[in-house]
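J.: Let me begin by handing over the structure; questions about it come next.
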Amino acid sequence: MAGMRGSSLLDRVLERRALRRWNRAARATKQMDAEALRSLRGRARLLRNALEDVLRQSEARLRSAFPGTAALPRPSGSDWVWRPEIWRVPVQPVGIAGAENRTMLGRELTLFHDCPASEITLRQIRTSGPGTVAPYGLRMDVLRFEGSFLSFVLDLPESALRGLQLNHLLRLEMDVAMERPLEIFCRLNIKHGPNSEQLVRELPPGGGGQFVEFDLAYTRMNERRLEKAWVDIIFESPRMNEVVLRDMTFARYPRAEL
């Protein structure tokens, strides 16, 4: 936006007034009733989405002018690492309101649920703050939820299957924040020929940086017939919650031979 560089004095005055107005609104929330709070929250989210679009596009232009990537270091002893695209690069669409069953965000992640009337919003966000590693994150807002399940399905790349053996451990690390406590389960699925294997682990409670490990020795996977692998991220009782997945990474470790 070429005109923004030379913003007029009036534009800058209006921007300062708007900032002061939102600061006053934040201080006034303690005296608001539920209806007023819902209205304010709705307007604030619209503003937040517009601001995040500005940040997203400007930062994308800056990265193209001054290239640099958030490197994913390979942990000691691992032979494969991966960060999915939503946490690595901009995706399309950026956000979805009223997300229906089988909605895709980017090329690798699909939302599944059986809620008859969706009040689910998904949005890729730009991350910032101390300890932030991934350049992007994923925010999910769930209001009323009358379904029995809600999950993300994340397709693993072909590189995850190359050289995969029964003596491997697959480690999934997540950095997650939520408005209220929420149980999250992670299920690894591996298709080999006509058969498939599943391993389920629960993410430790408490939010922040957590991980689960899948030990493939507990499967009957046929190493010569691997076709596809994916992970289900399952959210239990997600209603009236905001969940932010600030980062997600995978690493594969060969188990030491005894």
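J.: Once the dipole of segment 99-174 is set up with Lys and Arg at +1 and Asp and Glu at -1 on Cβ about the Cα centre, which of MET140, MET174, LEU122 lies farthest towards its positive end?
T.: Towards the positive end, the residue furthest out is MET174.
J.: Using the Karplus curve 6.51 cos²θ - 1.76 cosθ + 1.60 with θ = phi - 60°, what ³J(HN,Hα) values do you get for each residue of segment 100-115, in whole Hz, with x for Gly and Pro?
T.: 8, 4, 6, 6, 9, 10, x, 9, 10, 10, 10, 8, 10, 6, 10, 6
J.: Helix-only estimate, please: 222 nm mean residue ellipticity of the chain, summing -39500 (n - 2.57) across DSSP H runs of length 4 or more and dividing by its residues, to the nearest 500.
T.: Using -39500 (n - 2.57) per qualifying helix, the result is -7500 deg cm²/dmol.
J.: Chymotrypsin sites (Phe, Trp or Tyr not before Pro), restricted to segment 167-240: which are DSSP loop and have at most 11 other Cβ atoms within 10 Å?
T.: none
J.: Specify whether the C-alpha gyration tensor of segment 104-145 places it in the rounded, prolate or oblate class, a ≥ b ≥ c being the square roots of the eigenvalues: rounded for a/c under 1.5, otherwise prolate if a/b is larger than b/c and oblate if not.
T.: Oblate, because a/c is 1.5 or more while a/b does not exceed b/c.
J.: For the chain, compute Rh as the Kirkwood radius over C-alpha pairs and then the Stokes-Einstein diffusion coefficient at 4 °C and 1.567 mPa s; write the answer in µm²/s, rounded to an integer.
T.: Once the numbers are plugged in, D ends up at 63 µm²/s.
J.: Please tell me the relative contact order of the chain in percent, rounded to the nearest whole number, where contacts are Cα pairs under 8 Å and at least six residues apart.
T.: Value for the chain: 21 percent.
J.: For segment 86-130, which GluC sites (Glu not before Pro) are both in a DSSP coil and crowded by at most 13 other Cβ atoms within 10 Å?
T.: Loop-located and lightly packed - GLU100.
J.: Related question: Taking the chain as the reference, fit the longest principal axis to its C-alpha atoms, fit the long axis of helix 9-28 to the helix C-alpha atoms, and give the angle between the two in degrees, 0 to 90, nearest 10.
T.: Once rounded, the angle reads 70 degrees.
J.: Once the cut-off is 23 Å, how many percent of the Cα-Cα pairs in segment 96-193 end up in the long-distance tail?
T.: Cα-Cα pairs of segment 96-193 separated by over 23 Å account for 38 percent.
Coordinate-derived values only; no laboratory data. For clarity, every value in this text was computed on a predicted model and none was experimentally measured. Reconstructed Cβ throughout: ideal geometry from the backbone, glycine too, with neighbour counts over all protein chains shown.
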